[in-house]
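Here the structure comes first, spelled out in structure tokens, and everything after it is commentary.
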């Protein structure tokens, strides 16, 4: 199933910053967009662009710690054949676009870029600070090697 064929009433995209390799390493973030999308995202490239715009135009916990550009921001989504992935052995801090108080908790990916590998709810203040009825969607399967529609 492609992104163009998915139409949902409310979609919030996860986005993340790719770790920046530099002498002074910037922290990496796993951010929930403040925007809601219910139609064609323009494949992964279009979704990446929407994420960068959302991050650039909104305040969020940790924003002052990074320099935003298209090389470092990706939507955490899958198409029917391709998934964006997290970097291996990297600590990601949670944040919510539009909020300077939500976030702060972190998780570290394993050598394959998989994480957080626990059952902690992402609803709390130190994660995304959202209600339990918030719907987020990434088109990611439980097995990242087999992307399918998954809520």
Item checked: So residue 8, is it part of a loop (DSSP other than H, G, I, E, B), modelled with pLDDT of 70 or more and more than 18 Å from residue 104 (Cα to Cα) -> no
Checklist line | Meets criteria (crowded, with 16+ Cβ neighbours inside 10 Å and either at pLDDT 85 or above or not in a strand (DSSP E or B) (or both)) for residue 147 | finding: yes
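The values are calculated or read from the model by the stated rules, or taken from the named source; none is laboratory data. Remember, predicted model here, so these are calculated numbers, not experimental data. With ideal geometry, Cβ positions are generated from the backbone for all residues, glycine too; neighbour counts draw on all protein chains shown.
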